[in-house]
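Quick one: the structure is below, questions incoming.
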Amino acid sequence: MRFAILCALAVSCLLAGLRSAAWANGRYPAAGQLVVDPADSRHIVVRATFGLLQSFDAGSTWSWICEEAVSPDGFQDPEITVTTGGRIDMGLPDGLAVGDRSGCQWTRVPNLANDNVIDLVARAGDPATVYAVAAVTVNGAFNGLVAGTTDGVSWALDGDLLPDTYPLTIEIAPSRPQRLYLGAEDGNLETGFIDVSDDGGASWTMHDGPAGVDSVYLSAVDPQDPDRVYLRSYFPQGSLYVSEDGAETWSLIDESDVPLTGFALSPDGQQIAVGGTNGITILRRTAGDGGSAFAVATTSSLPVSCLTWTASGLFACADEATSGFTIGVSTDGGGTFAPLLHLADLTPVSCVGDASATSCAAQWCSTAMAIGASCAVKVDAASDAKSDGTGIVSTSAGCACNTVDNPRIPGILIAFASMILRARRHSRLAHSRPAPAVAMPHQHH
């Protein structure tokens with residue numbers, strides 16, 4: 001009887017977790033972006049569909065930060081970057097959120113209140129310098145807004161609004177920091193183009209995107225050559241382009257039958273990693289053709305939703321259910337990947353006082369049950385977790401979790417979670433329409 005009760009509670013908890021805002025509106029648990037702190041390679045931040053995941057020991061341990069810690073309304077696939085002091089910047093439809101290094105306390109940037117902040121980029125070697133690009137509606141029309149900071153704290157608008165512009169991505173040329181590239185669509189979301197600035201965003205020059213492409217997602221600028229810039233498009237098919245003349249002309253590098261949801265440029269700029277649901281391809285630069293020629297160096301069958309390449313290795317976001325891990329890293333150029341994060345190993349962030357993320361403790365139970373993590377909640381004194389002495393830990397989130405040492409129960413719960421999540425995912429894929437161009441993912445290296 002007790003076992004039946006526990007199973008019933010587990011089912012209730014799983015369903016509550018799927019409905020909870022902590023589950024990003026019931027979406028399948030997955031990672032979509034990974035950023036390594038430019039000043040501390042052991043500090044890694046991952047954006048997931050159910051919050052932020054953070055490690056301070058190069059991936060040995062991970063903590064979970066719930067969406068509500070950042071925004072009361074949650075978030076869906078925001079762009080993140082790590083700035084000076086390990087702070088986390090996150091673009092939201094209603095502004096720019098800044099979290100402290102711990103991820104416990106979040107504030108908003110007043111200058112960007114109510115602006116739809118779409119993309120962020122930090123300057124290589126100087127994470128205090130960050131640019132944000134937002135879409136601003138004026139008289140019913142889209143306009144682009146670029147804002148910047150040089151101290152990671154004080155933000156200012158750079159130049160006038162860009163009329164008839166819906167921004168998609170922004171990049172900095174590492175070897176010429178005043179050179180900015182902005183990928184955008186016109187106000188009707190029909191034609192893609194690239195704006196280029198050589199004065200930190202004060203003025204811009206427009207260039208056409210590749211022929212036949214309606215949306216342009218700038219992906220990286222070569223670390224040594226400010227005129228070499230990479231661009232991805234998702235329609236009419238997944239394509240990767242390079243420009244050797246500052247976005248004036250474009251050459252096709254690679255095409256894919258699936259969206260290229262992952263892109264990473266090696267730290268020396270000589271290799272490119274691109275990937276999607278059909279695996280990863282590593283392209284190496286070859287001599288000739290003005291530097292635009294590439295040859296396949298390595299391939300991997302690992303399906304990915306993000307790629308990030310640093311001196312520590314090539315990081316990948318994968319599907320836990322099919323690949324066996326959520327975050328992995330390759331130190332052999334993409335040949336093999338070692339697991340860095342299993343969802344079952346997550347623990348809730350531990351915060352004290354009245355920090356924003358103290359609310360996450362109340363949601364951990366339902367989240368943990370759905371991802372197969374331990375419900376033996378490791379919470380601080382500020383949490384409202386209580387035990388009734390029967391092996392059930394309950395929280396005000398209305399969820400109950402089993403902590404009895406029964407070897408059969410964890411496997412049943414994980415299997416049930418996997419069944420529910422896969423069913424939801426397959427149903428969504430079967431009935432969903434292609435996402436609009438402005439919603440497609442992108443990552444910075």
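The values are calculated or read from the model by the stated rules, or taken from the named source; none is laboratory data. In this text the structure is predicted, and so the values were computed from the model without any measurement. Cβ: placed from backbone, ideal geometry, glycine included. Neighbour counts: every protein chain shown. Protein only, heavy atoms only, side chains kept; ligands, DNA and RNA dropped before computing areas. Shrake-Rupley method; radii C 1.70, N 1.55, O 1.52, S 1.80 Å.
Could you count how many residues in segment 48-70 are out of contact with any Asp or Glu (no Cβ under 8 Å at 6 or more places or on another chain) and among the polar types (S, T, N, Q)?
Number satisfying all stated conditions: 4.
Residues checked against (1) more than 21 Å from residue 272 (Cβ to Cβ); (2) open to solvent by 40 Å² or more (accessible area, probe 1.4 Å); (3) among the aliphatic types (A, V, I, L, M); (4) under 23 Å from the mean Cα position of the chain (by Cα):
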position: 177; (1), (2), (3), (4): yes, no, no, no
position: 223; (1), (2), (3), (4): no, no, no, yes
position: 226; (1), (2), (3), (4): no, no, no, no
position: 240; (1), (2), (3), (4): no, no, yes, yes
position: 253; (1), (2), (3), (4): no, no, yes, no
position: 256; (1), (2), (3), (4): no, no, no, yes
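Is it the case that segment 72-94 has a residue that's touching a Phe, Trp or Tyr at 6+ places or on another chain (Cβ under 7 Å), in contact (Cβ under 8 Å) with a residue 12 or more places away in the chain and either part of a loop (DSSP other than H, G, I, E, B) or farther than 23 Å from residue 142 by Cβ (or both)?
So far as segment 72-94 goes, no, none of its residues is touching a Phe, Trp or Tyr at 6+ places or on another chain (Cβ under 7 Å), in contact (Cβ under 8 Å) with a residue 12 or more places away in the chain and either part of a loop (DSSP other than H, G, I, E, B) or farther than 23 Å from residue 142 by Cβ (or both).
Just give me the residues in segment 187-213 being open to solvent by less than 40 Å² (accessible area, probe 1.4 Å) and either within 25 Å of the chain's Cα centre (by Cα) or closer than 17 Å to residue 119 by Cβ (or both), in sequence order.
Here is the first cut: in segment 187-213, the ones open to solvent by less than 40 Å² (accessible area, probe 1.4 Å) are 187, 192-197, 200-201, 207, 209-210, 213.
The answer is 192, 193, 194, 195, 196, 197, 200, 201, 209, 213.
Looking at segment 245-284 only, could you name the residues that are touching a Pro at 6+ places or on another chain (Cβ under 8 Å), touching a residue at least 40 places away in the same chain (Cβ under 8 Å) and among the polar types (S, T, N, Q)?
Listed by number, the list holds a single entry, 261.
Listed here are the residues, each with its yes/no results for (1) open to solvent by 10 Å² or more (accessible area, probe 1.4 Å); (2) closer than 26 Å to residue 263 by Cβ; (3) at pLDDT 95 or above; (4) assigned to a helix (DSSP H, G or I).
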position	(1), (2), (3), (4)
10	no, no, no, yes
14	no, no, no, yes
17	no, no, no, yes
27	yes, yes, no, no
34	no, yes, yes, no
41	yes, yes, yes, no
54	no, yes, yes, no
57	yes, no, yes, no
68	yes, no, no, yes
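Search segment 327-359 for residues being open to solvent by 40 Å² or more (accessible area, probe 1.4 Å) and more than 30 Å from residue 274 (Cα to Cα), and hand back the single one that is nearest to the chain's Cα centre (by Cα).
So the residue we want is 347.
Step by step: first the residues of segment 93-120, then only those that are out of contact with any Cys (no Cβ under 7 Å at 6 or more places or on another chain), hydrophobic (A, V, I, L, M, F, W, C) and surrounded by fewer than 22 Cβ atoms within 10 Å (Cβ to Cβ), then the one that is nearest to residue 349 (Cα to Cα). Which residue is that?
The residue in question is 106.
Something else now. Are there strands (runs of 3 or more DSSP E) fully within segment 184-274 with at least 2 residues that are at pLDDT below 95 and farther than 30 Å from residue 125 by Cα? List them.
Values: elements: 192-197, 205-208, 217-221, 229-233, 238-243, 251-256, 262-265.
Because the criterion is at least 2 residues that are at pLDDT below 95 and farther than 30 Å from residue 125 by Cα, the strands (runs of 3 or more DSSP E) in segment 184-274 that meet it are 251-256.
Which residues, counting only those in segment 190-221, are of a type in the set (Val, Ile, Thr) and within 17 Å of residue 274 (Cβ to Cβ)? Step through it out loud before you land on a result.
Filtering segment 190-221 down to residues of a type in the set (Val, Ile, Thr) leaves 191, 194, 196, 205, 213, 216, 221.
Answer for segment 190-221, where residues must be of a type in the set (Val, Ile, Thr) and within 17 Å of residue 274 (Cβ to Cβ): 213, 216, 221.
Starting from segment 152-169, take each residue that is over 16 Å from residue 137 (Cα atoms) and list its partners that are among the hydroxyl-bearing types (Ser, Thr, Tyr) and part of a strand (DSSP E or B), counting only C-beta distances under 6 angstrom and pairs at least six apart or across chains.
Hits for this filter: 155/149; 169/217.
Does segment 285-292 contain at least one residue that is open to solvent by 40 Å² or more (accessible area, probe 1.4 Å), touching a residue at least 12 places away in the same chain (Cβ under 8 Å) and basic (Lys, Arg)? Step through it out loud before you land on a result.
Start the filter on segment 285-292 by keeping residues that are open to solvent by 40 Å² or more (accessible area, probe 1.4 Å), which leaves 286-290.
Adding the requirement that they be touching a residue at least 12 places away in the same chain (Cβ under 8 Å) leaves 289-290.
Filter again for basic (Lys, Arg), leaving none.
Checked against the condition, which is being open to solvent by 40 Å² or more (accessible area, probe 1.4 Å), touching a residue at least 12 places away in the same chain (Cβ under 8 Å) and basic (Lys, Arg), segment 285-292 yields no hits at all.
Which count do you get for residues in segment 133-151 that are part of a strand (DSSP E or B) and either among the polar types (S, T, N, Q) or open to solvent by 40 Å² or more (accessible area, probe 1.4 Å) (or both)?
Going residue by residue through segment 133-151, those that are part of a strand (DSSP E or B) are 133-138, 141-149.
Add one more test, that the residue is either among the polar types (S, T, N, Q) or open to solvent by 40 Å² or more (accessible area, probe 1.4 Å) (or both), and what stays is 137-138, 141-143, 149.
Residues flagged as part of a strand (DSSP E or B) and either among the polar types (S, T, N, Q) or open to solvent by 40 Å² or more (accessible area, probe 1.4 Å) (or both) within segment 133-151 amount to 6.
Of everything in segment 152-171 that's at pLDDT below 95 and within 23 Å of the chain's Cα centre (by Cα), which residue is surrounded by the fewest Cβ atoms within 10 Å (Cβ to Cβ)?
By that ranking, first place goes to 153.
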